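Below: one structure, written as structure tokens.
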Amino acid sequence: MAASMALIMGVPHLPLAQPRNVVGGQTLSALVGVLVGLFGDSLWLGALAGGLALGAMMAARMPHSPAAATAVLGVSVDTNVGFVALALLAAVVLVVVGLAGNRLNGAEYPRYFW
């Protein structure tokens, strides 16, 4: 999530920093991680989850590369639905903070919501 915030505040004009990509990418990656985690919690499965999450984000047209780390974490959690919901909530909070922070800095954010 820290890398997501760095994109939102540091380069708010990039497509990777837009709300659709942040919220959608983080949520989709958390879901992929949890699904891969059903097969175990090894480092190899974590790497697989990260790669699958990047592919899923590209297919859904909401790439957000920092979210691959969320997929890796999703492999090792025990609370499946809770983790996905928490990733969604955290991403929404990041976007809201980004809206306020960028307005204070005079930056145009977001360029688009969805």
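Couple of notes before you dig in:
- Residue within the range 36-44 that is farther than 19 Å from residue 3 by Cβ, aliphatic (A, V, I, L, M), in contact with a Leu (Cβ under 8 Å, 6 or more places away or on another chain) and without any contact (Cβ under 8 Å) to a residue 60 or more places away in the chain present: yes
- Condition check for residue 107: in contact (Cβ under 8 Å) with a residue 40 or more places away in the chain, within 16 Å of residue 15 (Cβ to Cβ) and surrounded by 13 or more Cβ atoms within 10 Å (Cβ to Cβ): yes
- Selection status of residue 20, charged (D, E, K, R) and under 11 Å from the mean Cα position of the chain (by Cα): yes
- Pairs are defined by a Cβ separation below 7 Å, a sequence spacing of at least 6 or placement on different chains, a first member in the range 50-70 that is within 18 Å of residue 112 (Cβ to Cβ), and a second member that is among the small types (Gly, Ala, Ser) and open to solvent by 20 Å² or more (accessible area, probe 1.4 Å); no pair meets this definition.
- Note on the range 2-37: residues that are outside any helix (DSSP H, G or I) and either surrounded by fewer than 17 Cβ atoms within 10 Å (Cβ to Cβ) or of a type in the set (Asp, Glu) (or both) total 3.
- Scanning the range 90-104 for residues that are closer than 23 Å to residue 69 by Cα, in contact (Cβ under 8 Å) with a residue 60 or more places away in the chain and not small (Gly, Ala, Ser) turns up 92, 94, 95, 97.
- Answer residue from the range 42-78, given it is open to solvent by 40 Å² or more (accessible area, probe 1.4 Å) and among the hydroxyl-bearing types (Ser, Thr, Tyr) and is modelled with the lowest pLDDT among those: 76
- When the criteria are applied in full, residue 81 meets the requirement of being modelled with pLDDT under 95 and within 16 Å of the chain's Cα centre (by Cα).
- Here residue 39 clears all of (1) closer than 17 Å to residue 25 by Cα; (2) touching a helix residue (DSSP H, G or I) at 6+ places or on another chain (Cβ under 9 Å) except the condition numbered (1).
- Residue in the range 62-71 that is more than 20 Å from residue 14 (Cβ to Cβ), assigned to a helix (DSSP H, G or I) and out of contact with any Cys (no Cβ under 8 Å at 6 or more places or on another chain) present: yes
The values are calculated or read from the model by the stated rules, or taken from the named source; none is laboratory data. All of these numbers come straight from a predicted model, not from anything done at the bench. Note: ideal-geometry Cβ built from the backbone for every residue, glycine included; neighbour counts use all protein chains shown. For the accessible areas, the whole protein counts, side chains as well, though only heavy atoms, and no ligand, DNA or RNA atoms are used. Shrake-Rupley method; radii C 1.70, N 1.55, O 1.52, S 1.80 Å.
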